[in-house]
Amino acid sequence: MNRIEGSLKADKFDQLAISEEMELCQERMNSLETMCNYLTSSLQSVQGTESAATIPDFRSEITLYGNAMEQLKSNVYLRLAGIGILLGFYKIALLEQLKTVGQALAMKHANEE
């Protein structure tokens with residue numbers, strides 16, 4: 001997560017690194033969810049039915065982390081889309097400049113003949 005946020009703050013977009021980091025975070029969240037389910041199940045079997053103590057709600061925590069991941073993913077995709085739009089504008093401007101240079105060269109060549 002820190003690598004992704006650091007890259008975004010520095011306006012560096014290594015799509016592969018970001019994708020790998022997000023996949024790693026997703027794998028960790030899945031492992032955490034599995035472990036929490038196991039612990040909850042184990043705790044319930046140890047406590048038995050006579051205990052009325054509340055069991056921590058691990059699922060809500062995992063949901064919060066999942067939502068944060070989705071939000072981060074959306075932000076990354078929005079920034080990448082913004083970069084794509086900028087690159088499109090640069091391409092159009094470059095093509096216009098090339099067209100102008102080409103026309104100038106054609107006129108120069110026509111005048112030399």
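The values are calculated or read from the model by the stated rules, or taken from the named source; none is laboratory data. The model shown is predicted, which means the values in this text are computed figures rather than measured ones. Backbone-built Cβ (ideal geometry, glycine too); neighbour counts: all protein chains shown.
Key figures for this structure:
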| item | result |
| --- | --- |
| Options Leu16, Leu39, Leu78, Leu8: the member that is among the hydrophobic types (A, V, I, L, M, F, W, C), modelled with pLDDT of 80 or more and in a helix (DSSP H, G or I) | Leu39 |
| Residue in region 82-103 that is closer than 30 Å to Leu32 by Cα, under 24 Å from the mean Cα position of the chain (by Cα) and not small (Gly, Ala, Ser) present | no |
| Filter result (in contact (Cβ under 8 Å) with a residue 60 or more places away in the chain and of a type outside the set (A, V, I, L, M)) within region 66-80 | Asn75, Arg79 |
| Scan of region 42-53 for residues that are at pLDDT below 70 and in a helix (DSSP H, G or I), ordered by number | Gln47 |
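Here is a yes/no grid of residues against (1) acidic (Asp, Glu); (2) surrounded by 10 or more Cβ atoms within 10 Å (Cβ to Cβ); (3) at pLDDT below 80:
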site	(1), (2), (3)
Ile4	no, yes, yes
Lys12	no, yes, yes
Glu23	yes, yes, no
Gln71	no, yes, no
Leu105	no, yes, no
